[in-house]
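Worksheet: one structure, shown below.
The values are calculated or read from the model by the stated rules, or taken from the named source; none is laboratory data. Predicted model, so just to flag it, every value in this text is computed and none were measured. Please note: Cβ atoms are built from the backbone with ideal geometry, for glycine as well, and neighbour counts cover all protein chains shown. Surface accessibility is based on the protein's heavy atoms, side chains included, excluding ligands, DNA and RNA. Shrake-Rupley method; radii C 1.70, N 1.55, O 1.52, S 1.80 Å.
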Amino acid sequence: MARAPWAWALAGVLAGALPAVLVYAPAQWLATTLAQASGEHLQLLEPRGTIWAGSAQLVLTGGKSSQNRAALPGRVQWQLRPHMEGLRADISATCCTTAPLQLQLQARWGGARITVADGSSQWPAHVLAGLGTPWNTLQLDGPLVLETKGLQADWTEGRLQLSGQTQLDALAMSSRLSTLRPMGSYRLTLHGGAAPTLTLDTLQGDLQLSGSGQWVGQRLRFSGEASATPERESALSNLLNIIGRRSGARSIITLG
């Protein structure tokens, strides 16, 4: 049966409109996708541009219906470009990056892969309060320096596997729970592998933190301890009571 002229016309319009929709898809689509994927913990407010090239204000929240929220200073910009092996993303923030963060996204059979280019960036710790408990209680302040080396995340049939290394230095940290400013500087190191590990070390300061953990399945099991130098124990006592289970002069930290 011959197709009616209007049907051919409609098919032509759709064929021509689809590429235009993809090219000019609004940034709001990306904002909606990120909010849903993160359980509302990450939100892009006042998005401008398209999903391919745009900017927005990044806000951290405690999740759906939470009253806790904190915005990153300035705006976050992104560029997405199709690549032979997938999609390349360049992300920059006026407050925190000297060079764009580069990610490579690849769809794979039964999953996906994200490769993060080696790089360094610096972020304000106070925005963590937007995530709710325990960050809104600690109210940390100070710079967080993030470095990645060979970092890669693979999702296969719902399972996540990490490779490479991520290092986070929390420098000259302070908290509203203590009058001591700063309390110290600390390093979190994540090593990928079949069972990724996490270590916590003190670089310097009167608040001493240490610990180690390992992912078992999809759950992190971490154990550590916190203590204060004798002359600063009274200034840090309230914080030690909050961050773990008090045992004499120490505070025992357990997760998972």
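Can you confirm whether Thr61 is touching a His at 6+ places or on another chain (Cβ under 7 Å) and at pLDDT 90 or above?
Details: touching a His at 6+ places or on another chain (Cβ under 7 Å): yes; at pLDDT 90 or above: yes.
In short, yes.
What strands (runs of 3 or more DSSP E) completely inside the stretch 192-256 contain at least 3 residues that are touching a helix residue (DSSP H, G or I) at 6+ places or on another chain (Cβ under 9 Å)? Step through it out loud before you land on a result.
On the way: elements: 197-205, 207-216, 219-228, 245-247, 250-255.
It comes to 219-228, 250-255.
Filter the stretch 127-151 for residues that are over 22 Å from His41 (Cα atoms) and open to solvent by 30 Å² or more (accessible area, probe 1.4 Å) and give the result.
Going residue by residue through the stretch 127-151, those that are over 22 Å from His41 (Cα atoms) are 147-151.
Residues satisfying the conditions are Glu147, Lys149, Gly150, Leu151.
Is it the case, given these coordinates, that Pro47 is crowded, with 19+ Cβ neighbours inside 10 Å and under 26 Å from Ala117 (Cβ atoms)? Before you say what the answer is, go through the steps one by one.
Numbers: crowded, with 19+ Cβ neighbours inside 10 Å: yes; under 26 Å from Ala117 (Cβ atoms): yes.
So Pro47 fits the description; yes.
Quickly run through the stretch 50-73 and pick out the residues that are open to solvent by 30 Å² or more (accessible area, probe 1.4 Å) and hydrophobic (A, V, I, L, M, F, W, C).
Scanning the stretch 50-73 gives Ile51, Trp52, Ala53, Leu58, Ala71.
Could you list, in sequence order, all residues of the stretch 54-89 that are of a type in the set (D, E, K, R) and farther than 18 Å from Leu42 by Cα?
As a first pass, look at the stretch 54-89 and keep what is of a type in the set (D, E, K, R): 64, 69, 75, 81, 85, 88.
Correct list: Arg81, Glu85, Arg88.
State all residues of the stretch 182-228 that are under 22 Å from the mean Cα position of the chain (by Cα) and of a type in the set (Asp, Glu); if no residue qualifies, say none.
Of everything in the stretch 182-228, just one residue is under 22 Å from the mean Cα position of the chain (by Cα) and of a type in the set (Asp, Glu), namely Asp201.
Exactly one of (1) crowded, with 18+ Cβ neighbours inside 10 Å; (2) farther than 21 Å from Ala89 by Cβ is unmet by Thr166. Its number?
(2)
Being among the charged types (D, E, K, R) and assigned to a strand (DSSP E or B) is the filter here, so list the residues in the stretch 175-191 that pass it. Walk me through it before giving the result.
In the first step, residues of the stretch 175-191 are kept if they are among the charged types (D, E, K, R); the result is 176, 181, 187.
Within the stretch 175-191, just Arg187 meets the criteria.
Just to be sure I understand, how many residues within the stretch 242-256 are open to solvent by less than 80 Å² (accessible area, probe 1.4 Å), modelled with pLDDT of 90 or more and either under 14 Å from Ser178 (Cα atoms) or in contact with an Asp or Glu (Cβ under 9 Å, 6 or more places away or on another chain) (or both)?
Selection size over the stretch 242-256: 6.
Pairs under 6 Å by beta carbon, first residue small (Gly, Ala, Ser) in the stretch 53-65, partner in a loop (DSSP other than H, G, I, E, B) and open to solvent by 20 Å² or more (accessible area, probe 1.4 Å), six or more apart or different chains?
Matching pairs, first to second residue: Ser55/Arg75; Gly62/Asn68; Gly63/Gly39; Gly63/Glu40; Gly63/His41.
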